[in-house]
Amino acid sequence: MPGTLATHRTLVKQIDFLGEFLNHVPIRRFFEKKFPAPVMVVNLAGAKAIAERTLGAAAMADDMIYLEYGRTGIGAGIISGGKLMHGATHAAGELGHTHMIEEGPACKCGSFCCLQAIAGAAAIQTRIRKAIADGGGSELLALAGGDPPNVSGWMILSAAKVGDKACAAIVEQASKSFGVRPSQSGESLQSFGSRSGSAPFSLQGKVC
Ligand SMILES: [Zn+2]
């Protein structure tokens, strides 16, 4: 599920991507009634980490992190000692909602200055739309065939590589956000998990 899960991972606590209609729904019980098979409710990045470890590039590594950067947000699936880490509050890997700076944009989670609100796909799209409206992004528009709705994340990266200043500035700002220390000292990336190990590091299913 692309969201946070409540106690014992039996129901959805909050899903930003799909709206509120699934919040607090006992989703595990629902599927257990429908299918004669064990049901486990796992955050999207956690599920992908399991798949990557079992079938993909992680090749059954005992310690690995799968990093998810996509339409649903920024998150991580952390596997330590061969087991998926859930965290004391079932928020392990919720990297996208780590506070990065003291003052910044609002996040869909209700807080401010989350990594997702600064460097997530939606935040980048908003900045690109403004840059295009202000007359920038010429290389990007060329890649998109002159049609702004066709712009994709890969086009933004490609345009930045060939010198589109607006795209380069947006990519640089987003990239820096991943290296900024969280603003709240007590948070200390607690939600990110306990340790990463030396295992493969994947981005959208690609080892990097
Ligand atoms: Zn947030």
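Around A131, what is the net charge, scoring Lys/Arg as +1 and Asp/Glu as -1 over all other residues with Cβ under 15 Å from its Cβ?
That sum, taken over residues with Cβ under 15 Å, equals 0.
Which length gain, in nm to one decimal place, applies between F112 and W154 when the Cα-Cα distance is subtracted from 0.36 nm times their residue separation?
12.4 nm
Give K48/K130; K48/K176; K48/K165; K33/K108; K130/K176 a once-over and call out the pairs whose C-alpha atoms are over 29 Å from each other.
K48/K130; K48/K165; K33/K108
Order the peptides 95-102, 73-80 from the highest to the lowest mean number of other Cβ atoms within 10 Å of their residues.
73-80, 95-102
Taking 0.36 nm per intervening residue step and subtracting the Cα-Cα distance, what contour gain separates A61 from R29 on full extension?
Extra length available between A61 and R29 comes to 8.4 nm.
Let's test the formula: R0 of 22 Å, r as the Cβ-Cβ distance of K165 and E103. What FRET efficiency results, to the nearest 0.05?
Using R0 = 22 Å, I get an efficiency of 0.30.
All of the numbers you see were taken from the coordinates with simple rules; none came from a lab. These figures come from a predicted structure and were not determined experimentally. In this analysis, Cβ positions are derived from the backbone assuming ideal geometry, glycine residues included, and neighbour counts consider all displayed protein chains.
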